[in-house]
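Notes to accompany the following structure.
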Amino acid sequence: MLFPTFEFGVFFLVVFAVGWELRRDPSWRKLFLVGASYFFYGWWDWRFVGLLVLSSTINFSAGWLLDRLGRPSMRKTVVALAVILNLSILGFFKYYGFFLDSLRVLLETLNLERDLPFVQVILPVGISFFTFQGISYVVDVYRGHVRASHSVLDVFLYISFFPQLVAGPIVRAADFLPQLDETPRLTRAMGAIGVVLILSGLIKKMVIANYLASELVDPAFFDPSVLGGADLLIGVYGYAVQIYCDFSGYSDIAIGVAALLGYKFSENFNQPYRASSLQDFWRRWHISLSTWLRDYLYIPLGGNRGGGFATYRNLFLTMFLGGLWHGAAWTFVFWGAFHGAALGIESFARQKLNALAPPAGEEPGYITRLSRPLNRVLGVIVTFHLVCFAWIFFRAENFTLASTYVTGLADWSVPSLYVTPFIAALIAGSLCFQFTPPKLAEWLARPLEYAPSAVLGLVLGLGIFLIWAAAPAGVAPFIYFQF
Amino acid sequence: MGQDIALSNPGDIVPQNQALATTDRVIFQNGEVEQGWEAVPRGFLREERETHYQVGRLWRALIIAAAVLALLNSGRLVTMVSGLSVGPVEDTVIVMSETWHEQMNERGLAQFAEEVRAKIDAWRAATWEDVEEDLPAGEREGALLRGPQSGV
């Protein structure tokens, strides 16, 4: 069930009431939350509940074995087996069709047509997220970052907890499992920030992302050949805002809902479009995924320990696979490869510029001091446009559409059709919020911490009412559900 | 009504599996711990009370929010229940929601959603020419000083 729906509202009221009623009996509380999470997941498609059970069982069993095995070679075998099983499940559901299609195209290109098996594989919602979460649990147990849980219930709840199950954030076992061992708490601050994040997420998703999608981005990417440069440029800006609001909106709601149930999740987005470099962008965008890729892919590949070429190779491979994670299409692979290549070039350029910088301890000159804010502004503008260029390939259905879009940006002879004051205000207003103080949500939540329940209820009720009234009809799915 | 909780140590005591309420009284007894009691830090008691209070506060807030939505958003409720499958229970729910929506309409509460939607639709339909017409007078004068457009 989608977050901004009546069904979820009723579901959450029940979970909130029963969950807190059971707080003095941790086992029953966890059992109830696992049951609620499986109910939430089964609402999408009950056939895949078994897959969630399988994934959780594999990861719990691997952790249990690692806890008992002392021999390093055996432990390595268990980790390798668990990772292979997890990735096999993900690979089959997500990439089997892509693999067959690509193989078919390759065989046709080589004049070696064959009748390949036709199997339509349904992609289970959230499989990329809970698979990565399971892998992180097993690897963290192996590395000693977290103790293997002896409770099946804890691991099942960690992997299936409904706020983050279908679209993240990818929560680390070291962050979540200790919270399950403690008595659940609800403070004023958690209650207030939960309400603010839920409202913030609903505004981003239901109003900003949905209007931009239906009134600008979908028409622009449907047939970019009929549009001029102005519409295409604003279209890609619009998509940058749409995907940010859609995804960070979901994350906000997930973190807010978890807070109301007494659990703390880390932030998943930190004003990514104020980044002045691609490295900074990836510290702010989808933080749970980028840190996962850093800790379980980039660092095991060698990170930046092997010198220049090895660092660039590792960056490229990490982002290449990160692109592949997003979807079974060559456009996603290109998007990841572009970011990987750009990060490598940026790393190289940074090294050379640092070599030209004045020695440490020397007082910077007037020009140097003046150029720092200018460099930052330039960096923000250049980074945003690099990211937007890559978004074209992320959004386009195929390379032909993407290249039509890119070449169309140069043609400003066609008058604008879609750049209305409403659309411009939505984009400009959303981008302005990238430059507000970082802890704006906490600042907005402070007055609610001591507000009476009636005021809190009115704020929440009127907020949801205004969002529902302002939003377009229907509930569009979250973009990241397809991953 | 609160209950008495005996203190058998200088620290605070909470009976095992016993519900805590802010009206509970703590009574100091002689120095032995009775069976079924355990000593817990004061901080734990404070956190328990805080959680108990916040859960109640948020629960009331959620109910009030649901009531606000039922009053002001009855139209959406009708839209949602119309999608239910055919059946005696579902038909009853649909009739009740439609009746509720009519009641809210008669009291003028259902109009707020339509007014907000109409405002948003007006903003969506606005063109750049509409925005120029809405500019403050000073800015329009600046436009006039730049010269007449019609040649009159």
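The values are calculated or read from the model by the stated rules, or taken from the named source; none is laboratory data. Just so we're clear, the structure is a prediction, and the values are computed from it rather than from any experiment. As a convention, Cβ positions derive from the backbone with ideal geometry for all residues, glycine included, and neighbour counts pool all protein chains shown.
Annotation note: Cβ proximity below 9 Å between a residue of the range A:459-473 that is more than 7 Å from chain B (Cβ to nearest Cβ) and a residue that is part of a loop (DSSP other than H, G, I, E, B) and at pLDDT 90 or above (sequence gap 6+ or interchain) occurs for A:459/A:451. Quick one: would you say residue A:96 is more than 30 Å from residue B:68 (Cα to Cα) and part of a helix (DSSP H, G or I)? Spelling it out, residue A:96 is indeed more than 30 Å from residue B:68 (Cα to Cα) and part of a helix (DSSP H, G or I).
Please verify whether residue A:85 is at pLDDT below 90 and touching a helix residue (DSSP H, G or I) at 6+ places or on another chain (Cβ under 6 Å), treating the condition exactly as stated. No: the conditions fail for residue A:85.
Looking at (1) touching a residue at least 24 places away in the same chain (Cβ under 8 Å); (2) within 29 Å of residue A:299 (Cβ to Cβ), find the lone condition where residue A:162 falls short. Going through (1) touching a residue at least 24 places away in the same chain (Cβ under 8 Å); (2) within 29 Å of residue A:299 (Cβ to Cβ) one by one, residue A:162 breaks only (2).
Residue-wise test of (1) surrounded by 17 or more Cβ atoms within 10 Å (Cβ to Cβ); (2) farther than 19 Å from residue A:205 by Cα; (3) without any contact (Cβ under 8 Å) to a residue 12 or more places away in the chain.
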residue	(1), (2), (3)
A:384	yes, yes, no
A:390	yes, yes, no
A:395	yes, no, no
A:402	yes, yes, no
A:408	yes, yes, no
A:419	yes, yes, no
A:426	yes, no, no
A:432	no, no, yes
A:442	no, yes, no
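For the range B:118-126, does any single residue satisfy the condition of being more than 7 Å from chain A (Cβ to nearest Cβ) and under 19 Å from the mean Cα position of the chain (by Cα)? No, that holds for no residue.
Hey, among A:337, A:349, A:355, which residue is in the same structural domain as residue A:236 (by TED's automatic domain parsing), surrounded by 18 or more Cβ atoms within 10 Å (Cβ to Cβ) and either small (Gly, Ala, Ser) or modelled with pLDDT under 90 (or both)? Can you show your working first?
Details: A:349 fails: surrounded by 18 or more Cβ atoms within 10 Å (Cβ to Cβ); A:355 fails: surrounded by 18 or more Cβ atoms within 10 Å (Cβ to Cβ).
Residue meeting the stated conditions: A:337.
Would you check if there is a residue in the range A:397-413 being within 14 Å of chain B (Cβ to nearest Cβ) and not in a loop (DSSP other than H, G, I, E, B)? Checked the range A:397-413: no residue is within 14 Å of chain B (Cβ to nearest Cβ) and not in a loop (DSSP other than H, G, I, E, B). In this structure, residue A:39 does not qualify as closer than 24 Å to residue A:201 by Cβ, away from chain B (no Cβ under 14 Å) and not in a helix (DSSP H, G or I).
Can you confirm whether residue B:6 is at pLDDT 80 or above and surrounded by 15 or more Cβ atoms within 10 Å (Cβ to Cβ)? Spell out how you get there, then give the answer.
Values: at pLDDT 80 or above: no; surrounded by 15 or more Cβ atoms within 10 Å (Cβ to Cβ): yes.
It is false that residue B:6 is at pLDDT 80 or above and surrounded by 15 or more Cβ atoms within 10 Å (Cβ to Cβ).
Only a single criterion out of (1) within 28 Å of the chain's Cα centre (by Cα); (2) farther than 30 Å from residue B:121 by Cα; (3) charged (D, E, K, R) is not satisfied by residue A:411, namely (1). A single member of A:419, A:387, A:377 is at pLDDT 95 or above, within 32 Å of the chain's Cα centre (by Cα) and either in a helix (DSSP H, G or I) or in the same structural domain as residue A:308 (by TED's automatic domain parsing) (or both), and it is A:387. Against the test of being over 25 Å from residue A:2 (Cβ atoms), hydroxyl-bearing (Ser, Thr, Tyr) and surrounded by 13 or more Cβ atoms within 10 Å (Cβ to Cβ), the options A:160, A:149 yield a single qualifying residue, A:149.
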